[in-house]
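Laboratory data are not the source of any read-out in this text; all were calculated from the coordinates shown. Not measured: the values here are computed from a predicted model. Quick reminder, even Gly has a Cβ in these numbers, built from the backbone with ideal geometry, and neighbours come from all protein chains shown.
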Ligand code: PAF
């Protein structure tokens, strides 16, 4: 595995691969790699001739300096994981490389970035879109792989790819869960044992809403109240939002009868904020 920390070096490597007609799959990460990331890498390996992974904890997308400071950083272990799984190239730029003095151009996403994560984490999607645009530019992929847990992030990146004519195929990879349903996230490592046990309530609340939908309930208010009741009964959990929205437009839905809808939630356990979602397919 080759490791690069400068954009021109990884770009040169990617161009060489493309010149040899190899397709390039890209998996952007912020490190602290877990089975959710390795699943993204495996799917990319099935689809593409070469796979590039990036590890960069992007200060621009954190709306809390403490969250940025506390974000797990495990570079040596991550390099080992990438080597073992057969990643072809790893891109690990520093903050100074990504945002040198004088850096001032940002990507400003539109409506898809406004509700939910966009409303509660001001500037988050601007930071995500800006860094992903820079990472795309450095790695020059044909396809890029993102986890479905960050549903709104996927929608924002999809829109950016279309709006900027980037010509990259975006692949959504199903959320990987622990046996009790908790979605894998680098943030899970910071939960206490008690919070970790309690956190399975997130998926339980989502499943209860989907079960009610399968039995005929179509009112978003009713479905959201089922999930709210389950979260409220868990003393460790503090709900930030529970929303049901159209999976393409990100517009809130009152009723999900004829639409492909998603319920998305953000729930705090102590000072750790976890997100998850579930699809209701019409
Ligand atoms: O999903 C993530 O880990 C990050 O938002 C990403 C896409 C790597 C950008 O920093």
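Based on the Cβ-Cβ distance of residue 192 and residue 255, what FRET efficiency does E = 1/(1 + (r/R0)^6) give at R0 = 45 Å, to the nearest 0.05?
Numbers: r = 39 Å, r/R0 = 0.87.
Computed FRET efficiency for residue 192 and residue 255: 0.70.
Starting from one equal scatterer on each C-alpha and no solvent at all, send me the Debye-based log10 I(q)/I(0) for the chain at q = 0.12 Å⁻¹, two decimals.
-0.78
What is the Cα radius of gyration of the stretch 205-275 over 2.2 N^0.38 Å, N being its residue count? The partial results should precede the final answer.
Working: Rg = 12.3 Å, N = 71, 2.2 N^0.38 = 11.1 Å.
Dividing the Cα radius of gyration by 2.2 N^0.38 Å gives 1.11.
Once you have the Cα-Cα distance between residue 240 and residue 165, take 0.36 nm times their residue separation minus that, and quote the gain in nm to one decimal. Display every interim value, and only then the final one.
Working: separation 75, 0.36 × 75 = 27.00 nm, distance 3.47 nm.
Length difference between fully extended and current span is 23.5 nm.
Using only alpha carbon pairs under 8 Å that are at least six residues apart, calculate the relative contact order of the chain and give it in whole percent.
Numbers: 486 pairs, mean separation 47.7, N = 282.
Relative CO of the chain lands at 17 percent.
Between 0 and 90 degrees, rounded to the nearest ten: what's the tilt of helix 151-163 against the longest Cα principal axis of the chain?
Around 50 degrees separate the two axes.
In degrees, nearest 10, range 0 to 90: what is the angle between the Cα axis of helix 7-19 and the longest Cα principal axis of the chain?
80 degrees
Could you sort 250-256, 31-37, 2-8, 145-151 so that the peptide with the highest average Cβ count within 10 Å comes first and the rest follow in order?
Working: 250-256: 16.6, 31-37: 20.3, 2-8: 14.3, 145-151: 22.0.
Listed from highest to lowest mean packing, they are 145-151, 31-37, 250-256, 2-8.
If you wrap a convex hull around the alpha carbons of the stretch 158-218, what volume per residue comes out, as a whole number of Å³? Walk me through the intermediate numbers first.
Details: hull volume 8.8 nm³, N = 61.
Considering the Cα atoms of the stretch 158-218, their hull volume per residue is 143 Å³.
For the stretch 94-219, evaluate the Debye formula with one uniform point scatterer on each Cα (no solvent term) and list log10 I(q)/I(0) at q = 0.13 Å⁻¹, rounded to two decimals.
-0.73
Rg (Å, one decimal) plus Dmax (Å, integer) for the alpha carbons of the stretch 48-100?
Gyration radius and largest Cα-Cα distance of the stretch 48-100: 13.1, 39 Å.
Run the simple label-point estimate for residue 75 and residue 119 please: 7 Å along Cα→C-beta, distance reported in nm.
The modelled label-to-label distance comes out at 3.9 nm.
Of the residues 30, 214, 75, which exhibits the maximal mean-square fluctuation in a Gaussian network model of the chain defined by a 10 Å Cα contact cut-off?
214
Sorted from largest to smallest, which semi-axis lengths in Å does the alpha carbon gyration tensor of the stretch 149-282 give for its equivalent ellipsoid, taking the root of 5 times each eigenvalue? List each step's numbers first, then the result.
Working: eigenvalues 126, 86, 28 Å².
Working through the eigenvalues yields semi-axes of 25, 21, 12 Å.
Considering the stretch 14-73, what Rg and Dmax in Å follow from its alpha-carbon atoms?
Reported Rg and Dmax, both Å: 14.5, 45.
Based on the alpha carbon coordinates of the stretch 120-163, what radius of gyration and maximum Cα-Cα distance (Dmax) apply, in Å?
My reading of the Cα-based Rg and Dmax gives 10.6, 32 Å.
Using the count of nearby Cβ atoms within 10 Å as a rough guide to exposure, how do 126, 84 rank from fewest to most? Don't skip to the end; give the middle numbers.
Details: 126 18, 84 10.
Going from least to most buried by this count: 84, 126.
Per residue, how big is the convex hull around the C-alpha atoms of the stretch 37-159? Give it to me in cubic angstrom, could you?
Working: hull volume 14.4 nm³, N = 123.
Roughly 117 Å³ of hull volume per residue.
Quickly work out the residue 64-to-residue 5 label distance, labels modelled 7 Å from Cα along the C-beta direction, and quote it in nm with one decimal.
Modelled inter-label distance: 3.0 nm.
Report, in whole Å, the centroid distance computed from the Cα atoms of the stretch 192-231 and the stretch 51-74.
Centre-to-centre distance over Cα atoms comes out at 29 Å.
Give me the distance between the Cα centres of the stretch 80-103 and the stretch 153-188, rounded to whole Å.
Distance between centres, Cα-based: 19 Å.
Note the angle between two axes, namely the Cα long axis of helix 201-214 and the longest principal axis of the Cα atoms of the chain, as a number of degrees from 0 to 90, rounded to the nearest 10.
70 degrees
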